[in-house]
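Derivation of every value follows stated rules applied to the coordinates shown; laboratory data play no part. Quick caveat, the model's predicted, so the values are computed rather than measured. Heads up, the Cβs are rebuilt from the backbone with ideal geometry, glycines too, and the neighbour counts pull from every protein chain shown.
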Amino acid sequence: MAAGVIPLDASLYGGGSVVGYKEYEGPLGKLFDYYNDRKNDGDLFGQVSFEGAEAQMQHMALGCALGKCALEPDALDAVFAGDLQNQCTASAYGLLSYGVPYFGLYGACSTMVEGLLLSSMCISGKLMRRCAAIASSHNSSAERQYRTPLGYGGQRSPTAQWTVTGAASFIVGESAVGQVQIVNGMVGIVRDMGIKDTSNMGAAMAPAAADTLCRFFAATNTHPADYDGIFTGDLGCEGRAILRDLMRIEGYDMGDGYNDCGCLIYDNEKQDTHAGGSGCGCSAVVLAADLFPKLQRGEYKRILLMGTGALMNPDSIKQGRNIPGIGHLIELRAPQNV
């Protein structure tokens, strides 16, 4: 086994995505399974609070993924789920009625890949046969927890990202010929480069992403050009540029195949999202709606997905502490028969 690389033998069987109206208006809008069609209700999804809405989105996403795979909840050995709310309450409340063994995760924007990595490890180790990985974020619940009250109307920095209102779920099971393959993983290392600016999370996360990518390329003796695509989530446009520079210093040209999920989900010019999207739900819904179907069809044969997270909480921000970053990675391949 190459040092630091976890060989995996699992498959993605299906995914479901749920987004808010702003995400539906973006470039990938028609690809999502469900969206909030009430443009001016704050993406409440029929609930009385933004936090309740996010829980409802998780509930819908898992139901969608199970439906696509013709499975009942009792077919799952466990769910690995996380969100941005304090103590992951969106996941706990949203998945409560399914009655499935539950692992609550917090990796900030890296949570989706963290869940897929842990699910795949359990499947590959024959500890479980079938799991679900779920992640979500809601712009309104995140903004009032981490920044300022929604009605305050504070001016956003040009480097700030827009928290995605979205949730996605994936069914992960034993490797099968006709399914998308999860073949390798690498666990990120927490890196602290002294960034304190909560309006520039891309700068905080990019060094951790570069660290994981460099370790992966060195361990597997591969280069960016060996992959049809490399996708981070979510560095945004600012962090994407920083990552390119950091990788160039290390001798790696990321090339045209590299992009960030936070840059794919919105049209920054038309939607005024500044540095692009962020949040647990961002890379989750981009994977479910765009990257995963392209792998299923064979448009991508081999890609890397890197989940990046800014590991902070409201108290650490108030105390003026640095913002450490993390970057978890998985390698996905098209089904063997396409």
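Brief remarks follow.
- Calculated log₁₀ intensity ratio I(q)/I(0) where the Debye formula runs over C-alpha points of segment 6-174, q = 0.12, 0.16, 0.18 Å⁻¹: -0.52, -0.89, -1.09
- The residues neighbouring Q85, those whose beta-carbon lies less than 9 Å from its own, together hold a net charge of -3 under the Lys/Arg +1, Asp/Glu -1 convention.
- Taking the DSSP bridge list for the chain and keeping only pairs wholly inside it, about 65 percent are antiparallel.
- Placing pseudo-labels 7 Å out from each Cα toward the beta carbon at A241 and N313 gives an inter-label distance of 3.4 nm.
- Cα gyration tensor shape for segment 49-135, rounded if a/c is under 1.5, else prolate or oblate: oblate
- Scanning residues 5 or more positions from T232 or on other chains, those with amide H under 5 Å from its amide H are N259, D260, C261, M306, with H placed 1.01 Å from N in the peptide plane.
- For segment 175-284, trypsin sites (Lys or Arg not before Pro) meeting the loop criterion (DSSP other than H, G, I, E, B) and having at most 16 other Cβ atoms within 10 Å: K196.
- Gain upon complete extension [D37, R248; 0.36 nm per residue less C-alpha separation]: 71.7 nm
- DSSP-defined beta bridges in segment 180-333 - what % are antiparallel, rounded to 5: 65
- Under Karplus coefficients 6.51, -1.76 and 1.60, residue-wise ³J(HN,Hα) of segment 12-26 in Hz, glycine/proline x: 8, 9, x, x, x, 10, 9, 9, x, 5, 4, 5, 5, 6, x
- Under-23-angstrom lysine pairs by C-alpha in the chain, whenever the two are 8 or more apart or on separate chains: 11
- Among residues other than D267 with Cβ under 12 Å from its Cβ, the summed charge is -2 (Lys and Arg +1, Asp and Glu -1).
- Debye equation applied to the C-alpha atoms of the chain, log10 I(q)/I(0) at 0.06, 0.07, 0.09, 0.14 Å⁻¹: -0.18, -0.24, -0.41, -1.05
- Taking the Cα centre of the chain as reference, the dipole from Cβ charges on Lys and Arg (+1) and Asp and Glu (-1) amounts to some 200 debye.
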